[in-house]
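S.K.: This is the structure I have questions about; it appears just below.
The values are calculated or read from the model by the stated rules, or taken from the named source; none is laboratory data. These numbers were taken from a predicted model, which means no experiment stands behind them. Note: ideal-geometry Cβ built from the backbone for every residue, glycine included; neighbour counts use all protein chains shown. Quick note on the areas: whole protein, heavy atoms, side chains included, nothing else; ligands and nucleic acids left out. Shrake-Rupley method; radii C 1.70, N 1.55, O 1.52, S 1.80 Å.
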Amino acid sequence: MAELHCGSYRLSLERPLIMGVLNVTPDSFSDGGLFTDVDRAVARGFQLMEEGVAVLDIGGESTRPGATPVPLQEELRRVIPVIEQLAGGPVPISIDTRHVEVMQAALAAGATLVNDINALRAPGALACCAATDAAVCLMHMQGTPATMQDDPHYDDVLQEVGQFLKARAEAAEAAGIARNRIILDPGFGFGKTVAHNLTLLRGLDTLAAAGYPLLAGLSRKSVLGAVTGRAVTDRVSGSVAAALLAVMRGAWMVRVHDVAATASALAVWQAVEGGQ
Ligand code: HH2
């Protein structure tokens, strides 16, 4: 059976799975400030496990458009105590960071997946992950969070994102990260207009055809606000629809805030499409 190797965890590639978002930040675009206290963050982590996550993604730096970078010590202070308490449980812990020092500390604290919006392009990032048995998620981003939404441009967004992800997967494998530890992600909202995001979602199956498991993160994002006219606090239905559309087009994992609602939608999908 096809599986993703994620430290000692094995995640089936045969059915769609949920990555639950746990932002330990004061300023994330949809849940900033809700889980900055360690106890509340840990409680939220256990709640998301009950609701059906296959992976818990913990982040200590908002990368919303225009966000200012967080000092390293502050990012570490936010995430490490939370990882220490949640690691080793029923689901693997993912660290959402682009900083090598945070990757290292999080892996030492028990994280077994490195989710990097910068696709391990920072010096030392590939080697840091290759030295462990952790899985990696390599995401496409045009520009940096500070400037990425200024004027994103592509001649062919699907082709360019696909080429970038293929090149990063090759770089990861060349660095010693086995193929069965690699996830790719087109990076919805990271240097993309509404039209770019919709084109990527529509064409996700062409990215899936490259053969690596795909993660899609559309949850509560502004593209859904543009389509529905709803505020960030009122995008659950749009997010569930987007997650389902992504799965229908070949996404393996969806990164979501609203885990219970997404789990119900995927259960219906599974009952119809999974033949059980
Ligand atoms: N989106 C966000 C953060 N990390 N990682 C991956 N692999 N894919 C994504 O689409 C993705 C990501 C942004 O969402 P969120 O964490 O809710 O917001 P913020 O960056 O403001 O903390």
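S.K.: Just need a number here: residues in region 210-221 that are crowded, with 18+ Cβ neighbours inside 10 Å and either more than 11 Å from the ligand (Cβ to nearest atom) or in a helix (DSSP H, G or I) (or both).
M.R.: Qualifying residue count, region 210-221: 2.
S.K.: Kindly list, by first and then second residue, each pair from a residue in region 11-23 that is touching a residue at least 40 places away in the same chain (Cβ under 8 Å) and closer than 10 Å to ARG44 by Cβ to a residue that is open to solvent by 10 Å² or more (accessible area, probe 1.4 Å) and of a type in the set (Lys, Arg), limited to pairs with Cβ atoms under 6 Å and residues at least 6 apart or on different chains.
M.R.: LEU22/ARG44
S.K.: Condition check: surrounded by 22 or more Cβ atoms within 10 Å (Cβ to Cβ), at pLDDT 95 or above and within 12 Å of the ligand (Cβ to nearest atom). Does ARG181 satisfy that?
M.R.: No; evaluated as a whole, the condition is false for this residue.
S.K.: Looking only at residues that are outside any helix (DSSP H, G or I) and within 14 Å of the ligand (Cβ to nearest atom) in region 84-110, which one is farthest from VAL53 (Cα to Cα)?
M.R.: HIS99
S.K.: Considering VAL227, VAL161, VAL232, which residue is within 12 Å of the ligand (Cβ to nearest atom), more than 18 Å from ILE18 (Cβ to Cβ) and modelled with pLDDT of 95 or more?
M.R.: Going through VAL227, VAL161, VAL232 in turn, the sole match is VAL232.
S.K.: Right, here's the next one. Test of understanding: among LEU126, LEU207, which residue is touching a Pro at 6+ places or on another chain (Cβ under 7 Å), surrounded by 15 or more Cβ atoms within 10 Å (Cβ to Cβ) and assigned to a helix (DSSP H, G or I)?
M.R.: After ruling out the rest, the residue left standing is LEU207.
S.K.: Do we find that LEU201 is open to solvent by less than 40 Å² (accessible area, probe 1.4 Å), over 19 Å from ASN115 (Cβ atoms) and within 16 Å of the ligand (Cβ to nearest atom) in this structure?
M.R.: Yes, satisfied.
S.K.: Another question about this same structure. Tell me which residues, restricted to region 49-75, are more than 13 Å from the ligand (Cβ to nearest atom) and either touching a residue at least 12 places away in the same chain (Cβ under 8 Å) or in contact with a Pro (Cβ under 6 Å, 6 or more places away or on another chain) (or both).
M.R.: MET49, GLU51, GLY52, VAL53, ALA54, LEU72, GLU74
S.K.: Can you pull out every residue in region 54-75 that is assigned to a loop (DSSP other than H, G, I, E, B) and open to solvent by less than 10 Å² (accessible area, probe 1.4 Å)?
M.R.: GLY60, SER62, ALA67
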